[in-house]
Amino acid sequence: MSDGSRTLAGKRALVTGAGSGIGQAIAATMAREGAHVAVHARSHERAQPTLDRIREAGGRAFAASADLADFPAVETMCADALERLGGIDIVVNNAGIFDESDILDVDLDYWELNFRVNVTAPMLITRYTVPAMIEQGEGGCLIYMGSTASTQGDPEWMAYTASKHALVGLMKAAAAGYGRHRIRSNAIAPAWVETPMAERYFAGMAEETGQDYDTLFDEGMGVGVLNARIDAQSIADLALYLASDSARHITGQTLSVCGGLVMR
């Protein structure tokens, strides 16, 4: 395949939380399709498996590390990524945190950390990258990683649910604010996806409850009317579509990848 025939040939992308799971799949897929990718993780070591995967496939990528709860580090990371990429066309705000919480007893520090990482950091990354898109004058693409919790109320993950609702609000504000510059902004809302994060969650639940891990994992991952087990590549495929010219008239939308779960 010639470079010119790749979907994202010549594009420059920043993908956060790309050390594993969904973020790794998105970064690798965009690199495969011709993008030069800044692979964000909390450290260069965490980014290395993704860099190896991309480079082994002949793609271009480099590590862009920062703790997203450290706002000065976020600004530095974005500045470094912009300099090394020579501009920016695509930003995927994928990184996030979650755990069980209830409003009646949630720790306020944990509540604030959810919003710090899941909402404020994506806002800052948008702030630090959109001016370059505007200056380039060729439009751009912003993608925010929501969740089925972005549109539904989940009593088990109240801090996470509230932060993901807020993230969708940020996405819509960006779509409305920067559309005149041909910058599109959308969110992806997955259900449970087969990732290391999901495996850790269900392993912890099995240990806490004494239930069988395989049974819990199978029941948790088989979601929606399709009883689907969703893999990370399915999310990456949608991100690739949203970043491509095929989605040139799609903005301000939240697209679910959930096997039909949100119909219920």
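The values are calculated or read from the model by the stated rules, or taken from the named source; none is laboratory data. Nothing here was measured: the structure is a model prediction, and the numbers come from that model. Glycine gets a Cβ as well: all are built from the backbone with ideal geometry, and neighbour counts include every protein chain shown.
Of the candidates ARG116, ARG53, the single residue that is touching a residue at least 40 places away in the same chain (Cβ under 8 Å) and farther than 26 Å from VAL262 by Cβ is ARG116. Only one of the listed residues (ALA95, ALA174, ALA162, ALA132) is part of a helix (DSSP H, G or I), in contact (Cβ under 8 Å) with a residue 40 or more places away in the chain and touching a Gly at 6+ places or on another chain (Cβ under 7 Å). That residue is ALA132.
Residues in region 214-249 that are outside any helix (DSSP H, G or I), surrounded by 15 or more Cβ atoms within 10 Å (Cβ to Cβ) and at pLDDT 95 or above: SER244 alone. Within region 135-148, take every residue that is assigned to a helix (DSSP H, G or I) and of a type outside the set (Asp, Glu) and give me the one that is farthest from VAL91 (Cα to Cα). Of everything passing the filter in region 135-148, THR148 is farthest from VAL91 (Cα to Cα). Between LEU68, LEU51, LEU8, the distinction of being farther than 13 Å from ILE125 by Cβ, in a loop (DSSP other than H, G, I, E, B) and modelled with pLDDT of 95 or more belongs to LEU8 only. For region 83-130, which positions are touching a Lys or Arg at 6+ places or on another chain (Cβ under 6 Å) and of a type in the set (D, E, K, R)? Matches in region 83-130: ASP89 only. In summary, ALA63 fulfils each of the numbered conditions (1) in contact with a Leu (Cβ under 7 Å, 6 or more places away or on another chain); (2) over 28 Å from LEU255 (Cβ atoms); (3) assigned to a helix (DSSP H, G or I) with the single exception of condition (3).
To keep it simple, each residue is scored yes or no on (1) surrounded by 23 or more Cβ atoms within 10 Å (Cβ to Cβ); (2) closer than 30 Å to GLU208 by Cα.
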residue: THR29; (1), (2): yes, no
residue: ALA38; (1), (2): yes, no
residue: ARG53; (1), (2): no, no
residue: GLY59; (1), (2): no, no
residue: ALA63; (1), (2): no, no
residue: GLY87; (1), (2): no, no
residue: ALA95; (1), (2): yes, yes
residue: LEU104; (1), (2): no, yes
